[in-house]
Amino acid sequence: MTTLGRVLRLATYAMQLALGGITAYAVLQGSAGMLANAGLPFLIALFPLYVRYRYDNQLSPTLSLWIVTAAFLHAVGMLGLYRTYGWYDQIAHGVSGAVVAGVGYALVRVIETEYDSVEIPPNLRFVFIVVFAGALGVVWEVAEFALSELAVIFGGEPLLAQFGLGDVVLDMLFSIAGAVLVAVWGTRYFDGLRSVVDRHVDGDGRDAGTDRRDTDGRVDSTDRTVD
Amino acid sequence: MARLRGLVESRSLNAAVTWTLVGVLVAGTLASLAVGDLLWAVFGATVVAVALVPTVLRRDASVLVAWEPLALAAVPLVAQWVGLFVTPLTYLSVAALALLVAVEIDSFSATEMPPWFAVLFVVLTTLTVAALWGILQYFSDMLLETSFLSGRVALMWELVGATAAGIAAGVLFHRYFLESGPDVADSTEVGGS
């Protein structure tokens, strides 16, 4: 691994640690609101580690760093920066959209490489990534909504804040727009560019992302032509 | 997954019903356009486009999607003219569209989807289409001065409804189309010899 790769990994670990710290602090304070806003991003930030141990399949350092950064920014923002600084609010939607898009991308890649029965042609991977990320965005909004409704029923403070119609719509829009960007980046046509970036980061010459056994001339054994 | 392909059929009765539905959809789309109802025109055009994918890919007017999901997808376009049950029917339609997209991807690409993944894909597609529909409604309200969404809570209940419809569609899909036995599906496979 090159120095740059090592630096990226270190930055990733540092932010995972910081998120763990904030989560632990929330537990000690007994603050449910803080726990929800730090704990969920912490779980998302652990996703690259989970993939490594469960599937023995390392996500590229760039992708890991990106997922963890987005989760970290979201947690820190929810602790107060969103309300304190106007500019932080401006990037809020972009950041949470990036988390969702990143997780959607990673999920598709993991399913693709882990389950032999699932075959996604490279030129359709785009569709799957956008669908996964768009759906995750909706699940996220529905979860926030359900938690806040329950909080109202039990007479407490909403744990996860939904500020208004525009916020919900922009969150969903950014998830999908982010997924389109990631999908473009993750689709075959851009693999050349991507592997150059990853090789620089990883330094060992092989594809630093997950396996891509499907990119080169796999025989299309389907019998779907008419006649 | 040969069984999934049973949904894209080439039987003549199905072709007749499906072409009729396509005609109704095109008429509805044009009517929406004519009265300046841009959003429903987009909806209608999308359903028509998805319905015609197999026909265009095969260049064969007798190869069409099954009429049942297409009819489900078409219902809200009719319902919004009548003004009845538009919102719940829209979820249903979104789920039916998702189903058609999943089947087409399975039939016309090298994609291999085991049943669990096909069901998951139907559910997720429903959610994504619901999100896109919400976004469209929001910007239509902002830019075209329509009033589709009354507020955050209304949108959230739409999304909850769409989620429920998506899960229901996934379950239905699994039970109805995957467990209905290979006999039915084999005889209706695209280009079946």
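Of note:
Condition check ((1) open to solvent by 10 Å² or more (accessible area, probe 1.4 Å); (2) over 11 Å from the mean Cα position of the chain (by Cα); (3) closer than 17 Å to residue B:14 by Cα; (4) within 14 Å of chain A (Cβ to nearest Cβ)) across all residues:
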site: B:30; (1), (2), (3), (4): yes, yes, no, no
site: B:40; (1), (2), (3), (4): yes, yes, no, no
site: B:44; (1), (2), (3), (4): no, no, no, no
site: B:51; (1), (2), (3), (4): no, no, yes, no
site: B:54; (1), (2), (3), (4): no, yes, yes, yes
site: B:62; (1), (2), (3), (4): yes, yes, yes, yes
site: B:65; (1), (2), (3), (4): no, no, yes, no
site: B:70; (1), (2), (3), (4): no, no, yes, no
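- Scanning region A:92-121 for residues that are of a type in the set (A, V, I, L, M) and in a helix (DSSP H, G or I) yields A:92, A:95, A:98, A:99, A:100, A:101, A:103, A:106, A:107, A:108, A:110, A:111.
- Counting the residues of region B:109-124 that are of a type in the set (Val, Ile, Thr) and open to solvent by less than 10 Å² (accessible area, probe 1.4 Å) gives 2.
- When A:170, A:124, A:147 are checked against the criterion of being open to solvent by less than 70 Å² (accessible area, probe 1.4 Å), part of a helix (DSSP H, G or I), at pLDDT 70 or above and at the interface with chain B (Cβ under 8 Å from one of its Cβ atoms), a single residue qualifies: A:124.
- Qualifying residues in region B:138-171 (those that are among the polar types (S, T, N, Q) and open to solvent by less than 40 Å² (accessible area, probe 1.4 Å)) - the one nearest to the other protein chains (Cβ to nearest Cβ): B:163
- Flag if residue B:82 is open to solvent by less than 30 Å² (accessible area, probe 1.4 Å) and over 21 Å from residue B:159 (Cα atoms): no
- Residues satisfying the stated conditions in region A:1-20, i.e. more than 20 Å from residue A:103 (Cβ to Cβ) and open to solvent by less than 40 Å² (accessible area, probe 1.4 Å): A:5
- Per-region count, region B:10-28, residues open to solvent by less than 20 Å² (accessible area, probe 1.4 Å) and either in contact with a Ser or Thr (Cβ under 7 Å, 6 or more places away or on another chain) or farther than 14 Å from residue B:70 by Cβ (or both): 1
- Residue within region B:91-100 that is open to solvent by 30 Å² or more (accessible area, probe 1.4 Å), away from chain A (no Cβ under 11 Å) and either touching a Leu at 6+ places or on another chain (Cβ under 9 Å) or outside any helix (DSSP H, G or I) (or both) present: yes
- Residue among B:94, B:129 that alone is under 17 Å from residue A:128 (Cβ atoms), touching a helix residue (DSSP H, G or I) at 6+ places or on another chain (Cβ under 6 Å) and β-branched (Val, Ile, Thr): B:129
- Some residue of region A:32-49 being closer than 20 Å to residue A:76 by Cα, free of Cβ contacts under 8 Å to residues at least 12 places away in the same chain and open to solvent by less than 50 Å² (accessible area, probe 1.4 Å): no
- Within region A:92-117, residues that are under 19 Å from residue A:77 (Cα atoms) sit with their Cβ atoms under 7 Å from residues that are in a helix (DSSP H, G or I) and among the acidic types (Asp, Glu), at 6+ positions apart or across chains, in these pairs: A:93/A:171; A:96/A:171; A:97/A:171.
The values are calculated or read from the model by the stated rules, or taken from the named source; none is laboratory data. Quantities reported herein were computed from a predicted structural model and do not represent experimental measurements. As a convention, Cβ positions derive from the backbone with ideal geometry for all residues, glycine included, and neighbour counts pool all protein chains shown. Only protein heavy atoms, including side chains, enter the accessible area calculation; ligands, DNA and RNA are left aside. Shrake-Rupley method; radii C 1.70, N 1.55, O 1.52, S 1.80 Å.
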